[in-house]
Amino acid sequence: MGANSKIDQSKDLILFDGVCNLCNGAVKFVIKRDPGAIFQFASLQSSIARDILSRYEISSDKLDSIVLVRHSRLYVKSDAILEIAGDLSGFWAVLKVFRFLPKGLRDSAYDLIAGNRYKWFGKNDSCLIPTKELQYRFLDS
């Protein structure tokens with residue numbers, strides 16, 4: 001993936017499905033709305049993601065979700081989306097108000113989209129390759 005294999009502990013880390021078109025689009029969306037570059041990225045297919053998730057006793061093979069690692073805490077599914085949205089520029093931070101909805105309801109909607117993401121949005125043969133300007137935000141596989 002990127003040129004930088006070291007995790008910057010001062011930044012949040014987003015783990016995403018690197019071959020999913022929807023997920024790649026979401027990463028690009030976040031980058032455009034993250035002027036302070038508080039997020040780093042790694043694909044779920046990377047060894048870095050596998051190492052991080054194994055510390056939490058989670059297998060990346062069984063994970064069907066975006067993951068946010070923030071201050072040594074994992075957020076998955078709708079919790080990850082709402083945490084990430086809360087730090088984006090513009091009105092996106094307002095989405096955090098949806099935390100009042102029951103987690104089961106939020107995650108059911110998330111699971112519906114995640115379960116159909118390849119069918120609805122397609123799949124790439126390889127992970128997202130960042131531009132030279134953005135490589136520092138992506139961790140090596």
Value of [θ]222 nm, deg cm²/dmol, for the chain, DSSP H segments ≥ 4, -39500 (n - 2.57) each, nearest 500: -11000 deg cm²/dmol
Reciprocal of mean inverse Cα separation for the stretch 66-126 (Kirkwood radius, Å): 12.8 Å
Square roots of five times the Cα gyration tensor eigenvalues for the stretch 21-60, Å: 23, 12, 7
DSSP bridge pairs, the stretch 12-137: antiparallel proportion in percent, nearest 5: 60 percent
Simple label model, 7 Å out from Cα along Cβ direction - N124 to Y136, nm: 2.2 nm
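We did not get these values from a lab; they are worked out from the coordinates using the rules stated. These figures come from a predicted structure and were not determined experimentally. Glycine also receives a Cβ, built like all others from the backbone with ideal geometry; neighbour counts cover every protein chain displayed.
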